[in-house]
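Report on the following structure.
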Amino acid sequence: MIKQISELWRWQVLWADWPKFAVAFLKTLEIAFFALALALCLGVIFGLMSTSHNRLLRGIARVYVEFFQNTPLAIQVFFVFFALPYAGITLSKVTIGILCVGTYTGAYMSEAVRAGIGSIPKGQFEAAQSQGFTYIQTMALIILPQTIKIILPPMVNQMVNLVKNTSIVTMIAGGDLMYRANAFATNGTMSYGPSYLVCGILYFILCFPLTRWARRYEDRLKQRDVQTNLEIEKMEEELV
């Protein structure tokens, strides 16, 4: 495979097939974008449910998390692809990818949200209740804004994993980037080296901006906290 990377004619063949790689890249981007939106929604919803005082909501959240965390993503994809048509439900391969990858990652994100909420001192919940805040208002205005800097690193890790997990769609011939790389590598030239190298670079292009953005945003939050603390100290000195 290493030798193939240095063979110019293989790259010429790949370049001729590049438009198909571009289409596959856009399809992977589409799956990742909508799956990420679904995962974030499910992560916040079930994260809030898992910290609720309602035992039924906590139970539902626990079942969701345990099921998706303890079953392979590949089995979930195969179930939706092969089993649902028997129930009269037929979904496109892109929709299956979005649904399966999104719900799978949402379970991990909900655990990050639950842990972030659990790290906030209980006194803040009690203070909000004493001021007449509802549970939703307490979460939206007081608790969740504080948890962002706590849950950001694990959430970004899950986002990057989500992008890479879109490659599971290749198992049902979803036309994604990994599927195109496999198809090119086995088209008669057996150019596995160039094909998978390009595939890896394209996945890197998708994942790297996420990690860079998260790092900058986390630094910005830390700077804001430092500035706030300095302002509080200054106010305290003026009062004294």
How many residues does the range 129-152 contain that are aromatic (Phe, Trp, Tyr) and assigned to a helix (DSSP H, G or I)? 1
May I ask you to verify whether residue 94 is surrounded by fewer than 21 Cβ atoms within 10 Å (Cβ to Cβ), under 21 Å from the mean Cα position of the chain (by Cα) and modelled with pLDDT of 90 or more? yes
Run down 230, 221, 206 and say which single residue is modelled with pLDDT of 75 or more, surrounded by 10 or more Cβ atoms within 10 Å (Cβ to Cβ) and either touching a helix residue (DSSP H, G or I) at 6+ places or on another chain (Cβ under 8 Å) or over 22 Å from residue 164 (Cβ atoms) (or both). 206
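This table checks each residue for (1) modelled with pLDDT of 90 or more; (2) at negative phi; (3) under 21 Å from the mean Cα position of the chain (by Cα); (4) of a type outside the set (A, V, I, L, M).
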position: 19; (1), (2), (3), (4): no, yes, no, yes
position: 26; (1), (2), (3), (4): yes, yes, yes, no
position: 32; (1), (2), (3), (4): yes, yes, yes, no
position: 35; (1), (2), (3), (4): yes, yes, yes, no
position: 47; (1), (2), (3), (4): yes, yes, yes, yes
position: 55; (1), (2), (3), (4): yes, yes, no, yes
position: 59; (1), (2), (3), (4): yes, yes, no, yes
position: 64; (1), (2), (3), (4): yes, yes, yes, yes
Part of a helix (DSSP H, G or I) and aromatic (Phe, Trp, Tyr) - does that describe any residue in the range 121-128? yes
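The values are calculated or read from the model by the stated rules, or taken from the named source; none is laboratory data. Just so you know, these numbers come straight off a predicted model, no measurement behind them. Don't worry about glycine lacking a Cβ; one is built from the backbone with ideal geometry, like all the others, and counts go over all protein chains shown.
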